[in-house]
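*Asks:* Take a look at this one; I'll ask things after.
The values are calculated or read from the model by the stated rules, or taken from the named source; none is laboratory data. Since the model is a prediction, treat every value here as computed from it, not as a measurement. Cβ: placed from backbone, ideal geometry, glycine included. Neighbour counts: every protein chain shown. These area figures cover heavy atoms from the full protein model, side chains too; ligands, DNA and RNA do not enter into them. Shrake-Rupley method; radii C 1.70, N 1.55, O 1.52, S 1.80 Å.
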Amino acid sequence: MRRFFRLATLANLLHINGNLAAKGKNMYIMDYKGKILHSRNNGEFYSKNINDINKDEAVIINDLEIKKITDLDADDIFIYDREVLCNRLISIGIHSDVKITYDKNSCTYLFSNKENKYLCSDNELIDFNKIHAYTWERFILIDEYKIHKINYIMSNSWVSKRDGNIYTPKDIKLKDIFSLCIGPINIDISKCREEDFGEYKFVGIVDNWSPEVFLLYCPHIYITAYSSANVLKQLALCVSSIRKFGKFNGRITVMTDQAIETIRDICDDESIDIDFMQPKDFVGFVCSKYSIINKDIYKHSQPLLYIDPDIIFDRPISPLFLDAVLSETICAPLETFNRLMTHPPIGSSLIQLDQLNVNIYSSGVNGGTISFPNIDDEKTREFVRLVRRTIANIGWKFGRKYNGWADQEVLNYISYKFGGINSSVFTKYANYVMGSMEDIYSRRGFVHFVGRSSTEKVVEMQNYTSLLALQFRSSEGSESMGNHDSERDEWIGVG
């Protein structure tokens with residue numbers, strides 16, 4: 001009975017694999033160098049890079065032809081220790097009766113002709129000319145989806161969860177043997193599966209067994225700035241600091257009711273995009289930051305960083321982005337100087353209204369700097385939806401003006417009640433100007449000018465920007481004189 005169960009289960013697995021194969025995907029042949037096999041009309045073979053396939057001459061095998069070569073990489077091989085090995089006769093270009101053999105140890109395929117010679121791909125010639133199968137005679141089958149995904153990986157920047165480093169396209173290459181090399185990390189292409197490839201995250205297998213995780217690095221900043229003249233002045237100062245002191249040359253989008261020409265002129269930045277919105281009151285202004293789900297302008301961004309316009313960046317921003325990506329969470333900095341149980345701007349009124357028990361020492365988060373992993377992340381979508389619904393429901397029940405800090409109050413209330421905000425990542429970068437400016441010159445990352453009128457914010461942001469410009473010029477002067485001292489190292493973020 002036990003043996004029957006084992007055989008029946010194995011038969012089911014083979015049936016499942018057969019159904020998958022029955023979809024009839026076109027499979028390309030990749031050689032050990034990561035190139036795709038092509039065939040001319042005269043039967044000659046040649047290879048091309050994965051991003052330069054000639055579909056008219058690429059050698060294609062329909063997997064209906066090899067459906068009996070089951071997926072021997074299936075995890076269930078650990079359970080059943082199958083020794084199944086299937087051979088089939090197929091055609092490759094003008095060559096018929098080619099035997100395809102799967103080597104389960106190396107997860108590669110061998111192709112041999114009627115003379116029992118193996119197809120070999122070396123630097124000089126690709127042909128059936130070898131009587132023994134070594135490295136050059138081994139190939140893998142790869143479909144268009146995997147080809148698209150490998151090209152996608154090679155054309156984007158990624159953060160390694162192993163070493164925390166950012167790898168740009170110049171660091172990513174296909175090399176011997178069936179390796180996708182991301183910096184010093186060599187991924188086995190033969191071990192890649194469809195489920196490993198995501199738009200924002202992928203898993204690679206190293207050394208034939210060890211999984212490594214990589215996260216898309218494509219940072220994007222968005223800022224809300226509506227019709228107030230002072231707010232637009234804050235925006236200009238904020239954007240200038242991001243570019244000059246934050247050293248960020250990536251995407252910036254402004255949620256605004258102004259024309260794109262106006263925003264670009266105010267910010268003196270022709271690369272800025274806008275997300276045009278027309279809120280009708282203060283609640284609409286401050287809550288619009290949560291209107292990001294399902295908008296194409298924010299897709300393919302990781303992390304997506306929201307900031308208020310009354311913020312000045314005073315250090316390179318890349319460490320903050322890197323920490324946000326690696327956390328894979330929604331991040332916001334703590335307001336360490338306020339208490340969640342007693343401070344209305346961070347949610348005390350809603351928490352008390354809901355009769356939640358809060359530790360007297362608990363702090364809330366500041367909603368002026370929030371990073372989202374990406375807008376397709378399900379946890380992010382769920383959290384943002386819940387915040388939006390709660391803001392709307394409070395407005396319907398108590399009136400739109402019930403909570404004076406609608407966005408931040410609800411953010412903290414939902415976060416405290418259900419979780420969802422990581423406050424450990426950004427707090428070390430945040431400085432707040434509550435009164436005197438004498439204690440903000442530590443350049444932790446950014447300064448948020450809170451607790452003053454909009455006009456006062458503009459003046460103090462201008463003063464701080466002028467101070468930073470002087471320090472920046474001073475550090476550049478030291479560099480030109482060869483003075484690589486610790487102060488400059490701390491300024492550029494390498495100390």
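*Asks:* Does residue 401 satisfy the condition of being surrounded by fewer than 18 Cβ atoms within 10 Å (Cβ to Cβ), in a loop (DSSP other than H, G, I, E, B) and of a type outside the set (Gly, Ala, Ser)?
*Replies:* On the way: surrounded by fewer than 18 Cβ atoms within 10 Å (Cβ to Cβ): yes; in a loop (DSSP other than H, G, I, E, B): yes; of a type outside the set (Gly, Ala, Ser): yes.
In short, yes.
*Asks:* Going through region 283-296 one residue at a time, which ones are in contact (Cβ under 8 Å) with a residue 12 or more places away in the chain and either in contact with a Cys (Cβ under 7 Å, 6 or more places away or on another chain) or surrounded by fewer than 16 Cβ atoms within 10 Å (Cβ to Cβ) (or both)?
*Replies:* From region 283-296, those in contact (Cβ under 8 Å) with a residue 12 or more places away in the chain are 283, 285-295; that's our starting set.
Scanning region 283-296 gives 293, 294, 295.
*Asks:* Ok, one more. Test residue 228 against the stated conditions and say whether it is under 30 Å from residue 287 (Cβ atoms) and either surrounded by fewer than 21 Cβ atoms within 10 Å (Cβ to Cβ) or small (Gly, Ala, Ser) (or both). Quick ask: steps written out before the conclusion?
*Replies:* Working: under 30 Å from residue 287 (Cβ atoms): yes; either surrounded by fewer than 21 Cβ atoms within 10 Å (Cβ to Cβ) or small (Gly, Ala, Ser) (or both): yes.
Yes, satisfied.
*Asks:* Given the condition part of a helix (DSSP H, G or I), surrounded by fewer than 18 Cβ atoms within 10 Å (Cβ to Cβ) and of a type in the set (Asp, Glu), answer yes or no: does some residue in region 143-162 qualify?
*Replies:* yes
*Asks:* Separate question: Residues of region 167-196 being open to solvent by 40 Å² or more (accessible area, probe 1.4 Å) and in a loop (DSSP other than H, G, I, E, B), which ones?
*Replies:* At the first step, the residues of region 167-196 found to be open to solvent by 40 Å² or more (accessible area, probe 1.4 Å) are 168-171, 173, 175-177, 184, 186, 191, 193-195.
Matches in region 167-196: 168, 176, 177, 184, 193.
*Asks:* Residues to consider are 131, 205, 147; find the one that is within 30 Å of residue 98 (Cα to Cα), free of Cβ contacts under 8 Å to residues at least 40 places away in the same chain and touching a strand residue (DSSP E or B) at 6+ places or on another chain (Cβ under 9 Å).
*Replies:* Values: 205 fails: within 30 Å of residue 98 (Cα to Cα); 147 fails: free of Cβ contacts under 8 Å to residues at least 40 places away in the same chain.
Every option except 131 fails the conditions.
*Asks:* Right, something else. What single numbered condition from (1) in contact (Cβ under 8 Å) with a residue 60 or more places away in the chain; (2) over 28 Å from residue 267 (Cβ atoms) fails to hold for residue 228?
*Replies:* Status for residue 228: all satisfied but (2).
*Asks:* Restricting to region 416-427, what's the tally of residues that are part of a helix (DSSP H, G or I) and over 11 Å from residue 331 (Cβ atoms)? Even if it seems obvious, please write down each step before you answer.
*Replies:* Within region 416-427, the subset part of a helix (DSSP H, G or I) is 416-418, 427.
Okay, now just the ones that are also over 11 Å from residue 331 (Cβ atoms), so 416-418.
Of the residues in that region, 3 qualify.
*Asks:* What do you reckon, is residue 392 modelled with pLDDT of 85 or more and aliphatic (A, V, I, L, M)?
*Replies:* Details: modelled with pLDDT of 85 or more: yes; aliphatic (A, V, I, L, M): yes.
Here the answer is yes, as residue 392 does meet what is asked.
*Asks:* For region 449-472, does any single residue satisfy the condition of being modelled with pLDDT under 90, under 35 Å from the mean Cα position of the chain (by Cα), over 15 Å from residue 240 (Cα atoms) and part of a loop (DSSP other than H, G, I, E, B)?
*Replies:* Yes - at least one qualifying residue is present in region 449-472.
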